[in-house]
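Below is one structure, written out as structure tokens; the observations come after it.
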Amino acid sequence: MRTLPSDGSKAAFVEAMFDRISPRYDLMNRLMTFGMDRVWRRRAIEALGLKPGAAMLDLACGTGDLANEAIARVAFVVGLDFSDGMLREARRRNIGCALVRGDALALPLARASCDAIVTGFALRNFTDLARVFLECARVLKPGGRIALLEVDSPRNALLRVVYRVYFHALLPLLGRLIADRRAYSYLSSSVVYLPCESSLFEILQTAGFENLRKQRLLHGAVQLISGRRAADQG
């Protein structure tokens, strides 16, 4: 499927899609990244600089990979997703964190209740990044850390061609054979929802984040953006 859902139908489409692919989601992640997604998720957690006793939100937690990586490091982890299917798979893993169904546009958490927020490969699925980051800033304590793991495009021209062939042709084929062709066609096409680096940084800064840093992983095919919630003014 190359036709992306409209703005009005995107949330319902994405929710139904993740409900549908949840039983094979972990298998697809391992296969399509050759197992490297575990390394990237570990890097995202390390970027948060978590300390014992901290409280972390895994936003759009899926089956709980990031929460599972963090649970041994902090006192309290909340995994939040709006897909029942994904949360069901996360519960089967018995990670030991709180799992909550909720909307990233209206987080069911108190102001300044979190020390850190992490999200993995979810930015292109949100319907309003500005609102999501404002909500993240609201629930983070001043000085709290954020880490955003997402796909990107390599700078090298040859690698960029290889990446596009894999991401836009081979990945949907793999999805058709193992999970759901429509879903993985959407996931490869949904990169159009991602703002460029400067625009993404501007949205984050407007929401109240500072000390922003971008790390390029897998020769630039994956990006890890980290930053800090600015101290409240006034």
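Need a quick list: helices (runs of 4 or more DSSP H) entirely within the stretch 122-234 having at least 2 residues that are surrounded by 18 or more Cβ atoms within 10 Å (Cβ to Cβ). Even if it seems obvious, please write down each step before you answer.
Numbers: elements: 129-139, 157-165, 171-178, 181-189, 197-207.
Those helices (runs of 4 or more DSSP H) span 129-139, 171-178, 181-189, 197-207.
The residue list A104, A110, A90, A72 contains one member that is in contact with a Ser or Thr (Cβ under 7 Å, 6 or more places away or on another chain) and among the aliphatic types (A, V, I, L, M), which is A90.
Would you mind stating whether G85 is at positive phi, of a type outside the set (F, W, Y) and surrounded by fewer than 21 Cβ atoms within 10 Å (Cβ to Cβ)? Criteria not met by G85.
From the list L57, L50, exactly one residue is in a strand (DSSP E or B), touching a residue at least 40 places away in the same chain (Cβ under 8 Å) and under 30 Å from G220 (Cβ atoms). Which is it?
Values: L50 fails: in a strand (DSSP E or B).
Of L57, L50, the one residue that is in a strand (DSSP E or B), touching a residue at least 40 places away in the same chain (Cβ under 8 Å) and under 30 Å from G220 (Cβ atoms) is L57.
Do we find that A72 is hydrophobic (A, V, I, L, M, F, W, C) and out of contact with any strand residue (DSSP E or B) (no Cβ under 8 Å at 6 or more places or on another chain) in this structure? Even if it seems obvious, please write down each step before you answer.
Values: hydrophobic (A, V, I, L, M, F, W, C): yes; out of contact with any strand residue (DSSP E or B) (no Cβ under 8 Å at 6 or more places or on another chain): yes.
Considered against the rule, which asks whether it is hydrophobic (A, V, I, L, M, F, W, C) and out of contact with any strand residue (DSSP E or B) (no Cβ under 8 Å at 6 or more places or on another chain), A72 comes out as yes.
The residue pairs whose first member lies in the stretch 62-78 and is part of a helix (DSSP H, G or I), whose second member is acidic (D, E) and at pLDDT below 95, and whose beta carbons are closer than 8 Å, counting only pairs six or more residues apart or on different chains, are D65/D26; D65/D37. Between a first residue in the stretch 116-134 that is more than 21 Å from T63 (Cα to Cα) and a second residue that is among the aliphatic types (A, V, I, L, M) and not in a helix (DSSP H, G or I), which pairs have beta carbons less than 7 Å apart while being 6 or more apart in sequence or on different chains? Once the first residue is more than 21 Å from T63 (Cα to Cα) and sits in the stretch 116-134, its partners that are among the aliphatic types (A, V, I, L, M) and not in a helix (DSSP H, G or I) give D128/L105; R131/L105. Of all residue pairs spaced 6 or more apart or on separate chains, those with beta-carbon atoms under 7 Å, a first member in the stretch 26-40 that is surrounded by 19 or more Cβ atoms within 10 Å (Cβ to Cβ) and a second member that is assigned to a loop (DSSP other than H, G, I, E, B) and hydrophobic (A, V, I, L, M, F, W, C) are M28/A179. Could you look through the stretch 90-115, keep only residues that are in a helix (DSSP H, G or I) and free of Cβ contacts under 8 Å to residues at least 12 places away in the same chain, and pick out the one that is nearest to L48 (Cα to Cα)? Filtering first and then ranking leaves R91.
May I ask you to say which residue of D58, D37, D7, D81 is at pLDDT below 95 and within 14 Å of the chain's Cα centre (by Cα)?
On the way: D58 fails: at pLDDT below 95; D7 fails: within 14 Å of the chain's Cα centre (by Cα); D81 fails: at pLDDT below 95.
So the residue among D58, D37, D7, D81 that is at pLDDT below 95 and within 14 Å of the chain's Cα centre (by Cα) is D37.
The values are calculated or read from the model by the stated rules, or taken from the named source; none is laboratory data. This is a predicted model, so every value here is computed, not measured. Here the Cβ is made from the backbone with ideal geometry for all residues, glycine too, and neighbour counts use every protein chain on show.
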